[in-house]
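Undergrad: Dumping the structure here so I can ask a few things about it.
Since every read-out is calculated from the coordinates, none of them should be taken as a lab result. The structure presented is a predicted model; accordingly, all values stated were derived computationally and were not measured. Ideal geometry is used to build each Cβ from the backbone, glycine not excepted, and the neighbour counts take in all protein chains shown.
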Amino acid sequence: MKLQSMIGLLQATPVTVNDPYIAFKEYLYVSCTDLMSDALAMICTNPAQTILLTGLANGQALRTAEMMDINVIILCRNKTLSEDNIDLATSMEMNVFTTSLPMFEAVGLLYKEGLKTATRNDDQNL
Amino acid sequence: MIKTYDLEANDFTAAGSISSDIKKIAKSYGMSVEMIRRVAVACYEAEINMIIHSHGGQIQLNVDDDWFTIVFRDTGPGIEDLELAMQPGWTTASLDAQSMGFGAGMGLPNIKKNVDTFELLSSPKGTLLRIGFRQKGESV
């Protein structure tokens, strides 16, 4: 699904966009969590086609995405970034959007459109 | 190549900046994308652990022809029970740390999963974590 369609579906608005062509890129997977430790503990199937959907609007959400090579974050429940974190996102070339939807509804809409979970729980290998 | 970083306890503003720098260095050594991600994730978890749990300390990166090694050394208070600390889901993190998105008890197990060598020593005077990544014949 093109990010442009995803943004329309979630009625999301940009917080900071650092890739002018990002809306035309195709995304297939969603990593959905407020707990960054959980995001880092899972295996990202394909970070270039993965978005991080989270209610955590701070520098650690940005850093977690950076470490996992994810370059799109969608914040739920109208969360946004502080000015400092917008600067941090820009320095990372991260693209951040926000939607008024709660996480459950946002995930449900994306799931119905065929997006897959980006991560699989790998606890058994720990 | 050796590079040393100082780390302050509870400095969530800077949290991740050292790992970000180490990730850039890993890229400059021509590692595979997968290997760079493993380095970044393990390093970031360890950096966050030091910020949440320690009195501060140092992180040292050592790179030679065969190994990419990172040593995390803090000044206490140490890990009381190493066996428990390695169990997924076990945590002593504060509510503050949890509100930052951390403290799920996945840090040390996740670090171990991503590295080629893992050494963890702890006493009340401090904790030393040494993790290594083979530059050739990437395993894990």
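Undergrad: From the Cα gyration tensor of chain A, with a ≥ b ≥ c the square roots of its eigenvalues, which class applies: rounded if a/c is under 1.5, or else prolate if a/b is larger than b/c, or else oblate?
TA: Here chain A falls in the rounded category.
Undergrad: Another question, if that's okay. Assign unit charges at the C-beta atoms only (+1 for Lys and Arg, -1 for Asp and Glu), then state the dipole size of the protein assembly as shown relative to its Cα centre in Debye, rounded to the nearest 20.
TA: About 580 debye.
Undergrad: Determine the calculated [θ] at 222 nm for chain B from helices alone, applying -39500 (n - 2.57) to every DSSP H run no shorter than 4 residues and normalising by the residue count; nearest 500 deg cm²/dmol.
TA: -10500 deg cm²/dmol
Undergrad: Now a separate question. Which listed residue (A:PHE97, B:VAL39, A:LEU110) has the Cα farthest towards the positive end of the charge dipole for the protein assembly as shown, taking +1 on Lys and Arg C-beta and -1 on Asp and Glu C-beta about the Cα centre?
TA: Result: A:LEU110, furthest along the dipole toward the positive end.
Undergrad: Quickly estimate the mean residue ellipticity at 222 nm for chain A, helices only: each DSSP H run with n ≥ 4 gives -39500 (n - 2.57), and the total goes over all residues, rounded to 500.
TA: Value at 222 nm, helices only, nearest 500: -9000 deg cm²/dmol.
Undergrad: Please compare each pair in B:LYS3/B:LYS136; A:LYS25/B:LYS23; B:LYS112/B:LYS136; B:LYS24/B:LYS125; A:LYS25/A:LYS79; A:LYS25/B:LYS113 to a cut-off of 28 Å on the Cα-Cα distance and tell me which ones are over it.
TA: In this structure, B:LYS24/B:LYS125; A:LYS25/B:LYS113 lie more than 28 Å apart at Cα.
Undergrad: Compute the distance in nm between two label points, each set 7 Å from the Cα along the Cα-to-Cβ direction, one at A:SER5 and one at B:LYS125.
TA: Inter-label distance under the simple model: 6.2 nm.
Undergrad: Another question, then. With only Lys, Arg, Asp and Glu charged, each at its Cβ (+1 for the first two, -1 for the last two), find how big the charge dipole of the stretch B:2-134 is about the Cα centre; round to the nearest 20 debye.
TA: Once rounded to the nearest 20, the dipole reads 360 debye.
Undergrad: What FRET efficiency comes out for the pair B:LEU82/B:SER28, r = Cβ-Cβ distance, R0 = 25 Å, nearest 0.05?
TA: For B:LEU82 and B:SER28, the calculated efficiency is 0.15.
Undergrad: Separate question: Rounded to the nearest Å, what's the spacing between the alpha carbon centres of the stretch B:1-61 and the stretch B:71-120? Just the number, please.
TA: Spelled out, the Cα-based centre of one part sits 14 Å from the other.
Undergrad: Can you compute the label reach from B:MET1? Point 7 Å from Cα along the Cβ direction, backbone N cut-off under 13 Å, restricted to the stretch B:17-35.
TA: B:21-31
Undergrad: Can you find, among B:GLN135, B:ILE18, B:LEU7, the residue sitting farthest towards the positive end of the charge dipole of the protein assembly as shown, where Lys and Arg contribute +1 and Asp and Glu -1 at Cβ?
TA: B:GLN135
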